[in-house]
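See below for the structure under consideration.
The values are calculated or read from the model by the stated rules, or taken from the named source; none is laboratory data. All values derive from a computational prediction rather than experimental measurement. Heads up, the Cβs are rebuilt from the backbone with ideal geometry, glycines too, and the neighbour counts pull from every protein chain shown.
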Amino acid sequence: MITISQAVKMVLNNKPFILEAIHDDIINYSSLASNIKEEVESLIGKIVNSSAIVMALRRINPVELKNVSSKLDNLIKRLGDITVRSNLVDYTFRNSESLLSKQQKLLSKFNGEVDLFFTISQGVYETTFVISDKLKENIADIFEGEKLISYCYGLSSITIKLPKENIELPGLYYFIFRKLAWDGINILEVVSTSNEFTIILKDQDIDKAFSVIKKLKI
């Protein structure tokens, strides 16, 4: 049978951001003990007193636990190029049988212009287009008859190139989004592929967001 301390370590080893909070001394041990109590009891096979879990938590060396998330730290420092684009607009339409053909009409407006920005995010009920504002004059005509749910002007984007290992390691997106949230930066849209992702923000947030992301690599 494993001890309470061993069970607590096993639980925490699968929660790298809780480990980080312990390391930074910004977590309430009593609340954390209540949160992981069921998992600890499942590992031990019997009821455990919360105070015993708190004691086990206090005995853990946070520096040792910090090493568990070292792979994520190394991955963050190897983020690739950061590309900023401005003069973007965002439109969201309700999905319909005719929306796909109108999407193709919008694509035809590019005429080989490589500097134009264009992303599509199709959900179950709605589809969002983020495009260069140079194309916004075409929207009303192309999407005539479609249900416009929302739109937003004055946007910019930040695209981040990711190391290939990003698909094998949990927590990368959370780590970046948490840093942005802590600085009060609102993300309007997220578009991702296997090895890069793009966030859409309002123009007034772009400089601050770029600075936060840039610091992650230091």
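Filter the helices (runs of 4 or more DSSP H) completely within region 1-108 down to those with at least 3 residues that are surrounded by fewer than 18 Cβ atoms within 10 Å (Cβ to Cβ) and over 25 Å from the mean Cα position of the chain (by Cα).
Here the list reads 4-12, 29-44, 50-59, 62-66, 99-108.
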Quiz item: How many residues does region 114-167 hold that are within 20 Å of the chain's Cα centre (by Cα) and farther than 27 Å from Asn195 by Cβ?
Solution: 0
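Looking at region 33-90 only, could you name the residues that are of a type in the set (Asp, Glu) and modelled with pLDDT of 85 or more?
The answer is Glu38, Glu39, Glu41, Asp81, Asp90.
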Exercise. Return the residue satisfying two criteria in turn: it lies in region 177-187 and is within 22 Å of Ile120 (Cα to Cα) and either touching a helix residue (DSSP H, G or I) at 6+ places or on another chain (Cβ under 9 Å) or small (Gly, Ala, Ser) (or both), and of such residues it is surrounded by the fewest Cβ atoms within 10 Å (Cβ to Cβ).
Key: Asn186
Quiz item: Taking interchain pairs and intrachain pairs at least six residues apart, which have beta carbon atoms under 7 angstrom, with the first residue in region 5-33 and basic (Lys, Arg) and the second surrounded by 18 or more Cβ atoms within 10 Å (Cβ to Cβ) and modelled with pLDDT under 90?
Solution: none
Quiz prompt | Residues satisfying the stated conditions in region 197-218, i.e. surrounded by 14 or more Cβ atoms within 10 Å (Cβ to Cβ) and touching a Gly at 6+ places or on another chain (Cβ under 8 Å) | solution = Lys202
